[in-house]
Structure formats: C-alpha cells, structure tokens
Amino acid sequence: MNDDHVPSGPDEYSGLEAELREAVAVLDPVPAELRRIAVEAFALRDLDARIAELTFDSLEDAVPVRGAVDEPRMLTFDTGGLTVDVEVTAHGLMGQLLPPQPAEIEILDGPRSGAALTADGMGRFTADTPPTGPFALRLRTGGEVVVTEWLRT
C-alpha cells in the first residue's frame with residue numbers, strides 16, 4: 001500500500017487491521033503477565049453481581065500527612081445500597097459493610113478465590129494477610145452478590 005491510498009471498503013480495512021495487529025505484536029507485545037491477569041479477571045466476572053464502584057482511595061483522594069510513614073490505605077466502595085469500607089495495611093486488611101450485615105467475603109486475586117472471610121452481624125471482617133497484586137472482593141449478602149472494582153495494592 002502506498003502512503004496516499006485510502007482503503008475503499010471493509011475488506012481493505014480488515015487487511016490493514018491485520019497488518020497493524022502484526023506490527024504491534026512484533027514492536028510492542030502485550031506482556032505475558034498482563035495478558036494472564038486480564039484473562040483471569042475476565043474468568044472471575046460475576047454476570048449477576050452488582051459492581052461496587054470505588055468512591056474513595058486514600059492514595060488519590062486524601063491529603064498526605066507530613067512525616068507519616070506506612071499509613072494504611074483506605075478504600076470505599078459503593079453500590080448505592082451497600083457501602084464497603086476497607087483498610088489495607090502491611091499486616092492484612094479489615095473492613096466493614098454499611099448498613100451492617102453478615103456476609104461471606106472472598107478476596108479475589110487470580111483465577112481462584114483467595115481468603116474466605118465472614119463479616120459478623122456488625123458487618124466487620126478482617127484478613128491476617130494483605131492481598132498481593134491486583135485484587136477485588138466478592139461479597140455474598142443474603143441472596144445478593146456484590147463484587148468490588150479491581151485494584152492494585
């Protein structure tokens with residue numbers, strides 16, 4: 001193809017697309033780890049689950065405290081009817097559901113479920129080890145499934 005040729009139809013566009021995909025695959029390939037994470041995240045989706053959107057992240061939304069070292073990361077997820085507050089530290093995580101209610105919680109960190117946690121009647125839950133790498137939480141409260149957005153630690 002010369003530089004001043006404009007593709008005239010869908011067949012030429014698909015050929016151009018194939019050439020561009022091939023060039024990108026050679027010049028800037030997707031890292032294997034990123035591809036693996038994307039496939040695993042897709043495999044873990046819950047089609048019937050409500051998504052709890054991240055509404056607060058202390059790494060982005062909080063004003064830094066001068067001289068503070070190793071502050072916990074505070075996260076808030078919201079579905080409109082359920083709020084999940086989570087504190088992530090080097091020693092683990094703890095959180096609370098609002099309104100308070102019992103729930104079964106899984107820390108998702110790959111193709112398999114991670115730690116299984118239980119929120120008590122006050123909606124409180126804890127994990128003794130922090131998540132590593134990308135993670136999300138899957139909550140089962142009554143007949144409802146809620147999944148938080150995925151985040152990196």
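The 3J(HN,Hα) values that the Karplus relation (6.51, -1.76, 1.60; θ = phi - 60°) gives for segment 73-84 are, in residue order, 8, 9, 10, 10, 10, 9, 10, x, x, 9, 10, 10 Hz. Gly and Pro appear as x.
Between Glu17 and Glu40, what's the calculated FRET efficiency when r is the beta-carbon distance and R0 is 35 Å? Round to 0.05. That pair, Glu17 with Glu40, gives E of 0.85. Between the amide H of Gly114 and those of Ile107, Leu108, Asp109, distances stay under 5 Å, these residues lying 5 or more places away or on another chain, with hydrogens modeled in the peptide plane. Under the convention that each Lys and Arg Cβ holds +1 and each Asp and Glu Cβ holds -1, the size of the dipole of segment 74-153 around its Cα centre is about 140 debye.
Amide H to amide H, with H built 1.01 Å from N, Gly123 comes under 5 Å of Gln101, counting only residues 5 or more places away or on other chains. Residue by residue, segment 87-97 carries 3J(HN,Hα) couplings of 10, 10, 10, 5, 9, x, 9, 9, x, 8, 9 Hz when phi is fed to the Karplus relation 6.51 cos²θ - 1.76 cosθ + 1.60 (θ = phi - 60°); x denotes Gly or Pro. Rolling a 1.4 angstrom probe over the protein heavy atoms with all chains in place gives segment 74-153 an accessible area of 47 Å² per residue. Only protein heavy atoms count here; on that basis, with a 1.4 Å probe, Phe56 has an accessible area of about 70 Å². Summarising the amide proton neighbourhood of Val145: residues at separation of 5 or more, or on other chains, whose placed amide H is nearer than 5 Å comprise Arg50.
The values are calculated or read from the model by the stated rules, or taken from the named source; none is laboratory data. The structure displayed is predicted, hence computed values, not measured ones. Counting neighbours? That spans all protein chains shown, and the Cβs are built from the backbone with ideal geometry, glycine included. Only protein heavy atoms, including side chains, enter the accessible area calculation; ligands, DNA and RNA are left aside. Shrake-Rupley method; radii C 1.70, N 1.55, O 1.52, S 1.80 Å.
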